[in-house]
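> Let me begin by handing over the structure; questions about it come next.
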Amino acid sequence: MPANKTISRLRIKHLRHREMTTIAVMTALAVLSRLCFYMLPEVKPMAAIVIVTAIAFGSMPAFLVGSLTMLISNFIYGQGPWTLWQMLGLGAVGFVAGIIFKGQDMASQKDRLKVSIIGGIITFAIYGFFVDTGSVVFLNSAFNSLAFKDISYVYLSGIVFNAIHGLGTIIFLYLMGNLILKKLLRVRLKYGIFN
């Protein structure tokens, strides 16, 4: 196969200015939501905002919003080896939500409740797994049979924090998800972005 045909099949979609602006605005909103709720550990609307972004625009924009949210907000909370794991975790939440909720509507209470519960489970399972795995990696210098006990403690102790984060995501998605989604769908339709 000629090289030019191979290259044409591997084209990456370039983001237009309107799409980059939308990603920046949603990232800023998610960062601000994390900062506004700094006094409540693990109760943050940022995962809900990333999930609503996934519903409106798809997996890749939501992955970018989730990853950038953790990177930028950690300039205030503190950067460290955990930042990469938080970026991967919240980005993965957005990516998976985009696959699960593609074209989902949140107009009825039943739909809102379904999206909220599944979104909370995604946050609990995926974000919690990435952050806990990051803790295991940088807290254990040697992986041997003695370290396995410590590893299980990290995952078990993280369940409470992950459950609180998941429950907060359920509440925020149910209360404000539909309102934000309506605005994002109007922006998508008006400017023809992420089509």
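> Any residue at all in the stretch 150-157 that is touching a residue at least 24 places away in the same chain (Cβ under 8 Å), part of a helix (DSSP H, G or I) and of a type outside the set (D, E)?
No, the stretch 150-157 contains no residue that is touching a residue at least 24 places away in the same chain (Cβ under 8 Å), part of a helix (DSSP H, G or I) and of a type outside the set (D, E).
> Would you call A147 at pLDDT 95 or above, assigned to a helix (DSSP H, G or I) and surrounded by 13 or more Cβ atoms within 10 Å (Cβ to Cβ)?
no
> If you check every pair at least six apart or on different chains, which have Cβ atoms under 8 Å apart with a residue in the stretch 164-180 that is surrounded by fewer than 16 Cβ atoms within 10 Å (Cβ to Cβ) first and a residue that is among the polar types (S, T, N, Q) and in a helix (DSSP H, G or I) second?
I171/S116
> With in contact (Cβ under 8 Å) with a residue 12 or more places away in the chain, of a type outside the set (S, T, N, Q) and in a helix (DSSP H, G or I) as the only criterion, which of I121, I193 stands out?
Details: I193 fails: in a helix (DSSP H, G or I).
Of I121, I193, the one residue that is in contact (Cβ under 8 Å) with a residue 12 or more places away in the chain, of a type outside the set (S, T, N, Q) and in a helix (DSSP H, G or I) is I121.
> Look through T133, T169 and report the one residue that is within 19 Å of L90 (Cβ to Cβ), modelled with pLDDT of 95 or more and of a type outside the set (A, V, I, L, M, F, W, C).
Working: T133 fails: modelled with pLDDT of 95 or more.
When all the criteria are applied, what remains is T169.
> Test T27 against the stated conditions and say whether it is touching a residue at least 24 places away in the same chain (Cβ under 8 Å) and within 18 Å of L179 (Cβ to Cβ). Spell out how you get there, then give the answer.
Details: touching a residue at least 24 places away in the same chain (Cβ under 8 Å): yes; within 18 Å of L179 (Cβ to Cβ): no.
Considered against the rule, which asks whether it is touching a residue at least 24 places away in the same chain (Cβ under 8 Å) and within 18 Å of L179 (Cβ to Cβ), T27 comes out as no.
> Condition first: under 15 Å from L88 (Cα atoms) and surrounded by fewer than 24 Cβ atoms within 10 Å (Cβ to Cβ). Now tell me which residues in the stretch 42-60 satisfy that.
Matches in the stretch 42-60: S59, M60.
> Take the stretch 95-138 and flag every residue that is touching a helix residue (DSSP H, G or I) at 6+ places or on another chain (Cβ under 7 Å), more than 23 Å from F194 (Cα to Cα) and polar (S, T, N, Q).
Passing the criteria: S116, T123, T133, S135.
Matching residues to (1) out of contact with any Lys or Arg (no Cβ under 8 Å at 6 or more places or on another chain); (2) more than 15 Å from V50 (Cα to Cα); (3) assigned to a helix (DSSP H, G or I):
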{"residue": "S73", "(1), (2), (3)": "no, no, yes"}
{"residue": "W85", "(1), (2), (3)": "yes, yes, yes"}
{"residue": "A107", "(1), (2), (3)": "yes, yes, no"}
{"residue": "R112", "(1), (2), (3)": "yes, yes, yes"}
{"residue": "A125", "(1), (2), (3)": "yes, yes, yes"}
{"residue": "D132", "(1), (2), (3)": "yes, yes, yes"}
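> How many of the residues making up the stretch 12-28 are over 17 Å from L189 (Cα atoms) and at pLDDT below 95?
The number of residues fulfilling the criteria is 3.
The values are calculated or read from the model by the stated rules, or taken from the named source; none is laboratory data. Because the structure is predicted, anything quoted here is derived from the model rather than measured. All Cβ positions, even for glycine, are placed from backbone atoms using ideal geometry, and neighbour counts span all protein chains on display.
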